[in-house]
Each structure stands twice: as C-alpha cells, then as structure tokens.
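Beneath this line is the structure, given in structure tokens, with notes to follow.
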C-alpha cells in the first residue's frame, strides 16, 4: 500500500533529536528558542511563539487579538474543524461562509457581505497549499488570522506564506509540509500581541494569576522542527515535481493550480463520490482520502443552499499521495491506478 501521507525524516532530523535526548533537556528551552528565531526569519515575522499544536496556535491567535464572548469570527466552511473549535474556545460566534469552487479558498467577495460591526477576526486558510487572496481579505477591515497550516513554503508575489495578516498560524502535525509529530506556531509583527501570546502560552512561574495554558513546544519537537525547516525548500521542490508528474498523467482531472502552491495536497475532482473512489484505489494498493472530512456548515446543521459552491465539490474531491519521500516511480503507480480504476477524462 502506498500511504496517503508520510513524514519525511532524514538523517539530519534523526541527529537533531538524538542531540537533544543526549543533552537530558527535553522540555522547552534553547532549542525551542532557536526554532522560533529561525522560523521568524523564514516567514519574515518579528515575533514567533512555538506551540504544541496548530490547534493551540489558533486558540492563542484569537486570544492575542482580544476575541471573546459575543464577538463574531468569519471562517470558511471548507476547512478543518479545528478552526471552529478555536472560535468556540474563546466564546465567540462563527460566521461561516462559502468558498470558491475553482480554488477551494475563501475570497474577498464571498466574505464582504458577512462583515459586521461585531466581526473581530477573519480566519483565512490557504487550502490544500494554494495561497488565498489574504491581502484582498485584509483590505475588508477586520484583523486577519492567516492560517498557513497547509502552505508553509508557498509564496505570494515573492513573499512567504505566513507573512501576511495581523497574526499567522502554522501546524507541524505529522502529515503537514513540515512535521514535528505534534506542534505549531503563532507569529505576528505586533509587539503588544506577541507579549500577550507569550504570557498565555505557559502558566508556570508567573508573578500574577490569570487563566493561562500549557501550550509550549518541547525541545525534542523544536529540534526536529529546525531540521525540517532547513529541508523545507527541498520538500517544496519535490512536492511540485510530483505535482507536475500527476498533472501530466492525469490531465483530464481538474485540480486547483496557482502561483506559490505548496502542494500540501493534490486533489482530483471526480464525477462520482470520493469515498467510493478511495475504496477502489485501496484495492489497487493506493491510499487516498477526502482532504476535508466534513464541511463546517454540515457540523452546524446549516442549510446546504447557503453553501452551493462547497456542496458542488466537497464529496467529489479526492486527495492522492504527495510527499517528499514518495518516489517518482511510486507516483507513477498512483497515477496509473487512478487511470485504471477511475478512468481517463
């Protein structure tokens, strides 16, 4: 079976983790500090706070912007449910909007009519690794949380993804572009927001009491993150090479393409349901999945007619294997299996 996702852990990553294990200091320390500084340089942010997950980074981002009870946060329906959880964590109300069915991203036009006086933040994910129009969305007024969990290494007009918005967040979960097992980060150029984030990320050794969290990243994970960050350009180059191969072999299928794509996922739009196709591909030795398990509006029980674009594609989108350790020979096997089991178009 060719796995759908697999972290790429080279010799440098192994050495980095072993170095920390031999030091005896595996809690947050100098490695985490160095990772924050190196990540900040890579994504052109003045302040970076490493966290133990992308989910924690989202929660802190909302708190850092002062979002709380009674506030409204705009987010797309086609995204990970972690975004909805984070909005509920702070007591805010989600305003869920449709996405564009050619990019699977939210757009300024789709958001504009949902912006109200109570809107305190807009969460903008770069879905599947394709950069969204984060600048256009920021021009609408409310602070933007740029969700770069799927797109680190991508670029928008020469600038790295993650360098836009009031705050940006990253995820380093095992299947992400950069993997530390669990892990994440929140970044900003605003010193006041950064101070708030640093105050909230850990409850230990504080002079005063308020509700804080245990969201820090360990030195073990940070060491792995530093090694992954050094490999990031090579990771992106390999993902794009595999994407080019798929695009040549599977030219009959529509996928979102665009400048700066990190190709976290390579998703095919099918005529039939993706779940049925994934079962057929599994019998051919290829693991394939829906890139988003369930749209947010379905979790909330909102009428499907309010999200026509997402409803058109969400059950027909199938993600096939793409990651740096996937060989080109294996990628050709994946493409051949798709053509044999699903047919050319």
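The values are calculated or read from the model by the stated rules, or taken from the named source; none is laboratory data. This is a predicted model, so every value here is computed, not measured. Quick reminder, even Gly has a Cβ in these numbers, built from the backbone with ideal geometry, and neighbours come from all protein chains shown.
Hey, among the residues in region 34-53 that are in contact (Cβ under 8 Å) with a residue 60 or more places away in the chain and out of contact with any strand residue (DSSP E or B) (no Cβ under 8 Å at 6 or more places or on another chain), which one's farthest from residue 147 (Cα to Cα)? Outline the logic, then answer.
Taking region 34-53 and keeping what is in contact (Cβ under 8 Å) with a residue 60 or more places away in the chain, we get 34-36, 38-40, 42-53.
Going one step further and asking which of them are out of contact with any strand residue (DSSP E or B) (no Cβ under 8 Å at 6 or more places or on another chain), we end up with 34, 38.
Working: 34: 22, 38: 19 Å.
So, considering only residues that are in contact (Cβ under 8 Å) with a residue 60 or more places away in the chain and out of contact with any strand residue (DSSP E or B) (no Cβ under 8 Å at 6 or more places or on another chain), the one farthest from residue 147 (Cα to Cα) is 34.
Can you tell me which condition residue 93 does not meet? The list is (1) buried (at least 21 other Cβ atoms within 10 Å of the Cβ); (2) out of contact with any helix residue (DSSP H, G or I) (no Cβ under 6 Å at 6 or more places or on another chain), and all the others hold.
(1)
Filter region 123-181 down to residues that are out of contact with any strand residue (DSSP E or B) (no Cβ under 7 Å at 6 or more places or on another chain) and in a strand (DSSP E or B) and give me whichever is surrounded by the fewest Cβ atoms within 10 Å (Cβ to Cβ).
159
Do we have any residue at all in region 165-188 that's closer than 19 Å to residue 45 by Cα and without any contact (Cβ under 8 Å) to a residue 40 or more places away in the chain?
No.
Of 242, 236, which residue is touching a helix residue (DSSP H, G or I) at 6+ places or on another chain (Cβ under 7 Å), modelled with pLDDT of 95 or more and not assigned by TED's automatic domain parsing to the domain that holds residue 181?
On the way: 236 fails: touching a helix residue (DSSP H, G or I) at 6+ places or on another chain (Cβ under 7 Å).
Exactly one residue qualifies, and that residue is 242.
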